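Peer 1: One structure is given below, represented as structure tokens, and several questions about it will come after.
The values are calculated or read from the model by the stated rules, or taken from the named source; none is laboratory data. It should be emphasised that the depicted structure is a prediction, and the values quoted were computed from it without experimental measurement. Note: ideal-geometry Cβ built from the backbone for every residue, glycine included; neighbour counts use all protein chains shown. Accessible surface areas use protein heavy atoms only, side chains included; no ligands, DNA or RNA. Shrake-Rupley method; radii C 1.70, N 1.55, O 1.52, S 1.80 Å.
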Amino acid sequence: MKPLNELVFEDESALFMIKQWIFESNNCNGAVILPSLKEQSEKELFRLQVTTKSTLGAVAYSTGGILLQQGWLRFLGSGHDNLPRTITSWTEKCKLDNALLVADDVIGGFFALNGGFFDEGKGEIFYLAPDTLAWESLEMGYTDFLNWSCTGDLSGFYEPFRWNKWETIVPTLDGNQGISIYPYLWSNEAKESGIEKCSKKAVPLEELWGLNLHFREQLGTE
């Protein structure tokens, strides 16, 4: 295990690049970089064993997390009152081996950095999509995923799942909550009725994770 002094490079941190992506992009209105606490950030970086020259290391060490589009998409860091989960603690709680849960959205979609959990695409981001219950490779690594989230068509990606006035509801959630949508997004009923007619309720994000796994097993989703 490398000591912290071999992982922290303040003057070469990728955080400077990340901030540029966020604050120069029209896509990031309502973006927040949550501050980190020294003890928590050092612990998280040491557990990850990556340097702050990398985007993953910079987010883990220099932020408590990053909220994009009023908190619709959350990148985990070293924890903050508004986003208490860290990358390593959340991954362990969800019992995901050989991968890291690095981000999630309010509708119960989860983003994992593959370290061998999936047979192919090591180093790629996989998305557990709430409308299919399938783990889908985004065919990009963490850096490209973070960059795309800041500068790409994030609104277009989520358009089918956004309802009228979602912007007034999502910012009221804390970082351990998501929106339970019923009928479930993967069901024919939801696809036929559309997102506006579905009921929505704030629930613990852990509940959405558990429901996804439960229905994946019940439906035999790969």
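Peer 1: How much of the accessible area of the stretch 1-91, probe 1.4 Å, is carbon plus sulfur, in whole percent?
Peer 2: About 52 percent, which is the carbon plus sulfur part of the accessible surface.
Peer 1: Quick check for you: with a 1.4 Å probe and neighbouring chains kept, what is the accessible area per residue of the stretch 117-214, in Å²?
Peer 2: Normalised by residue count, the accessible surface of the stretch 117-214 is 53 Å².
Peer 1: Return one whole number: the accessible area per residue of the stretch 1-83 in Å², for a 1.4 Å probe.
Peer 2: Ligands and nucleic acids excluded, the result is 49 Å² per residue.
Peer 1: May I pose another question? Comparing L83, L113, L48, which has the greatest mean-square fluctuation in the GNM of the chain with Cα pairs linked when under 10 Å apart?
Peer 2: L48
Peer 1: Share of the stretch 126-222's accessible area from carbon and sulfur, percent, 1.4 Å?
Peer 2: 48
Peer 1: Over the Cα atoms of the stretch 160-222, Rg to Rh with Kirkwood Rh, two decimal places?
Peer 2: Result: Rg/Rh = 0.99.
Peer 1: Still on this structure, please answer the following. Would the stretch 63-222 count as rounded, prolate or oblate if I go by the C-alpha gyration tensor, calling it rounded below 1.5 in a/c and otherwise prolate when a/b exceeds b/c, oblate otherwise?
Peer 2: The shape class here is rounded.
Peer 1: Here's another thing I want to ask about it. Quote the charge dipole size of the stretch 74-156 about the Cα centre in Debye, to the nearest 20; the model charges only the Cβ of Lys and Arg (+1) and of Asp and Glu (-1).
Peer 2: Rounded to the nearest 20 debye, it is 360 debye.
Peer 1: Using the Cα centre of the stretch 156-217 as the reference point, and only Cβ charges (+1 on K/R, -1 on D/E), how large is the resulting charge dipole? Debye, rounded to the nearest 20.
Peer 2: 140
Peer 1: Can you give me the Rg/Rh ratio for the stretch 41-153, using Cα atoms for both radii and the Kirkwood formula for Rh?
Peer 2: 0.93
Peer 1: Treating the beta-carbon of each Lys and Arg as +1 and of each Asp and Glu as -1, no other charges, what is the dipole magnitude of the stretch 108-203 about its Cα centre, to the nearest 20 debye?
Peer 2: That gives a dipole near 460 debye.
Peer 1: Pairs K95/K165; K38/K93; K2/K201: which are spaced more than 32 Å apart, C-alpha to C-alpha?
Peer 2: The pairs that break the limit, which is 32 Å between Cα atoms, are K95/K165; K2/K201.
Peer 1: Once phi is turned into θ = phi - 60°, what whole-Hz ³J(HN,Hα) does the Karplus curve with 6.51, -1.76 and 1.60 give for every residue of the stretch 156-171, x standing for Gly and Pro?
Peer 2: Going residue by residue, I get x, 4, 9, 3, x, 10, 9, 9, 4, 6, 4, 5, 8, 9, 4, x Hz, with x marking Gly and Pro.
Peer 1: Rank these by accessible area, largest first, 1.4 Å probe: W135, W148.
Peer 2: Per-residue accessible area, sorted high to low, gives W148, W135.
Peer 1: Over the chain, what is the mean sequence separation of C-alpha contacts under 8 Å (at least six apart), divided by residue count, expressed as relative contact order in percent?
Peer 2: Dividing the mean separation by the residue count of the chain yields 16 percent.
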